[in-house]
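Heads up, the thing below is written out as structure tokens.
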Amino acid sequence: MKLLNPPSRSILKLNSIDELCSILGVQKGHLLYICYKRSDDLKYQSFEMRKKRGGFRKIDSPQKGLRVIQKKLAEIFEENIEFKSCVQGFIKSRGILENAALHKKSNWILNVDIKDFFGSINFGRVRAAFIAKPFEFHPNVATVVAQICCFKNYLPQGAATSPIVANIVASTLDNRILKYIRSQRLIYSRYADDITISAKRVFPNEVAHINDGKTIIGEDLANIFSRASFEINEKKSRLQSKYSRQEVTGLIVNKKVNVPAEYKNKLRTAIHHWIDDPVDAERKYYIDVLGLSPEDAELTKDGSKLKQNIYGRLSFLSMVKGKDDPTYIKLVLKMAEHDPSPPKFIKSIKAEYKMYDVFLCHASEDKEKIVEPLYQELSKIGIHAFYDTKEIGWGDSLVGVINKALLKSKYVIAVMTDSSVGKAWPQQEINSVLNGDISGGTKRLLPLIYGNKDNILGNNFLMNDKLYVEWKNNPDEIAKKVQELLTHNESLNSR
């Protein structure tokens, strides 16, 4: 950790309360009143939230003027302080994804949890941190800063200042661990109270080892935590080999950074329940699952709070897996199907991944006689067909629209006549589908023959084993045949 040199609002060697008030933009009397005269009941509102892995977490939410001052102070700290790269929590451009990526493809990963991280950082430790280098505050200033940041002699979870102040206090721990592992070729990172040490090769036995299935932290490492006034939560210590599921800040890192299957399953369930009954699903999630009281849950009358929660989880899934991940796309499209007012990113994905039941591939001269009447019959029975005349607008990229439509069509009907056999464009589309059939084994091409059948199929030997239909001015019969094929494919995919 080091201090930067911002053009304004520098915090190096603050010598008076007046200087502190100046950079905070608050009157001295107002600051001192909030810190020392206002009662605890007026400073914070406290409640409990259920943890994901059991138990409850106490949240102390600052009120009114104190909340504003804490936010300003946190912003000033962010302008002035640069943390080492091992610190991954509560810092812009760093987070759980970046933290997990540091440890992927490791032979061994050690997870160590700090017990009661925020609660163990008391008033005295905060005050001492700001009196010491690199801050060198006057003791009176450090006292007021600690008073702003602490509540009942600990860092309150819910205050804007708590994350960065915790990182400041924990920097001593970071430095000592980095020094300890320097010669052992280990990688160290900390995300708040979540410590991770990984090894690409052998993990040093003296740092940690497994005995009777239990992870034992080495004495030297344990002493580093103790001297830095932090306590290890031994129940959460885990040394994981590459042959087990390795997790770092909730993400899988064995081969690549990935989301656990449980996360996707819970998200899928939340979407299903929200679609079924938004209001009841919201109530169950915030009250039954998270354990909030009806007052603290602040439930909505239309389930919109849970909906926003779902979209937040979808955004997280895309951040980890990428925006082209099939699971992500499928879940987004599921929400888009049932949400009449989705956010912009959902609308854009819905438009991008608009699915067609059928792609009509043809030469231009076959439009009026074959493609147009077939398209009309398909539409009558509710089959969504891509027909270039209907879908390609002025200014659209012809190649781009057609290529995307090919990828997103369940079936392709290739109109093949004596005149179209030698045409480059329909042949290119047919070859694209055939290549997909060969590589993916998806058998989704239906040739529609009109003319000399032997000559047409002879020029496309890869289609000799394909199911095909013949055009006999019978669009209704062909449309019904396509409907049967689509129904059959859906039943196979659902198994």
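The values are calculated or read from the model by the stated rules, or taken from the named source; none is laboratory data. Only a predicted model underlies this, so the values are computations on that prediction, with no experimental measurement involved. Every residue, glycine among them, receives a Cβ derived from its backbone with ideal geometry; neighbour counts consider all protein chains shown. For the accessible areas, the whole protein counts, side chains as well, though only heavy atoms, and no ligand, DNA or RNA atoms are used. Shrake-Rupley method; radii C 1.70, N 1.55, O 1.52, S 1.80 Å.
What the table below lists for this structure:
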read-out: Sequence-distant residues sharing a close amide H with Ile59 (under 5 Å, placed H); value: Phe47, Glu48, Met49
read-out: Range of Cα positions in the chain per principal axis (Å), largest first; value: 96, 53, 47
read-out: Whole-number percent relative contact order across the chain, with pairs defined as alpha carbons under 8 Å at least 6 apart; value: 12
read-out: Packing-based ranking, highest mean first, of 19-31, 145-157 given that Cβ atoms within 10 Å are counted; value: 145-157, 19-31
read-out: Sequence of Asp212, Asp476 from largest to smallest accessible area, 1.4 Å probe; value: Asp212, Asp476
read-out: The stretch 195-275: GluC sites (Glu not before Pro) in DSSP coil with no more than 12 other Cβ atoms inside 10 Å; value: Glu206
read-out: Where labels lie 7 Å past Cα in the beta-carbon direction, separation of Ser379 and Asp476 in nm; value: 1.8
read-out: Potential extension, Glu79-Ser16 segment - 0.36 nm per residue separation minus Cα distance; value: 20.7 nm
read-out: Relative contact order of the stretch 1-142, pairs being alpha-carbon contacts under 8 Å that are 6 or more residues apart, as %; value: 36
read-out: Total charge dipole magnitude, the stretch 47-203, about the Cα centre, Cβ charges on Lys, Arg, Asp, Glu only, Debye to nearest 20; value: 540
read-out: Degrees between helix 475-493 axis and first principal axis of the chain (Cα, 0 to 90, nearest 10); value: 40
read-out: Residue order for Tyr33, Tyr180, Tyr450 - accessible surface, 1.4 angstrom probe, largest first; value: Tyr33, Tyr450, Tyr180
read-out: Estimated vicinal HN-Hα couplings, Hz - the stretch 274-284 in sequence order (Karplus 6.51, -1.76, 1.60; Gly, Pro = x); value: 5, 5, 5, 7, x, 5, 5, 5, 5, 4, 5
read-out: Calculated over the stretch 330-370: convex hull of Cα atoms, volume per residue (Å³); value: 113
read-out: For the stretch 347-387, the fraction of alpha-carbon pairs in successive 5 Å shells from zero, as %; value: 5, 22, 25, 19, 15, 9, 4, 0
read-out: Only Lys, Arg (+1) and Asp, Glu (-1) charged, at Cβ; the chain dipole about Cα centre in debye; value: 1960
read-out: Estimated FRET transfer efficiency (Glu484, Thr269; beta-carbon r; R0 22 Å; 0.05); value: 0.10
read-out: Counting DSSP beta bridges with both ends in the chain, the antiparallel % (nearest 5); value: 65
read-out: For the stretch 114-233, average projected area of the Cα convex hull in nm²; value: 8.4
read-out: Contact order relative to length of the stretch 109-197, as percent, for alpha carbon pairs under 8 angstrom and 6 or more apart; value: 39
read-out: Distance from the stretch 260-306 to the stretch 1-79 (C-alpha centre basis), Å; value: 32
read-out: Cβ charges +1 (Lys, Arg) and -1 (Asp, Glu), total dipole of the stretch 162-251, debye; value: 380
read-out: Rounded percent of accessible protein surface that carbon and sulfur make up, the stretch 268-322, 1.4 Å probe; value: 52
read-out: Computed FRET value (nearest 0.05) for Tyr36 with Tyr243, which takes r as the C-beta separation and R₀ as 56 Å; value: 0.45
read-out: Glu391 paired with Asp324, simple spin-label distance in nm, labels 7 Å along Cα-to-beta-carbon; value: 1.9
read-out: Mean residue ellipticity (222 nm) of the chain, computed from DSSP H runs ≥ 4 via -39,500 (n - 2.57), nearest 500; value: -13000 deg cm²/dmol
read-out: Cα gyration tensor, the stretch 7-107 - rounded (a/c under 1.5), prolate or oblate; value: oblate
read-out: Signed unit charges on C-beta, dipole axis of the chain, positive-most listed residue Pro326, Ala74, Leu299; value: Ala74
read-out: Rounded D (µm²/s) - the stretch 1-64, Kirkwood Rh over Cα pairs, Stokes-Einstein at 10 °C, 1.306 mPa s; value: 105
read-out: Per DSSP, loop trypsin sites (Lys or Arg not before Pro) in the stretch 233-304 with at most 16 further Cβ within 10 Å; value: Lys242, Arg245, Lys255, Lys256, Lys301
read-out: Listed residues Trp274, Gln240, Asn258: farthest to the positive end of the dipole of the stretch 231-290 (Cβ charges); value: Gln240
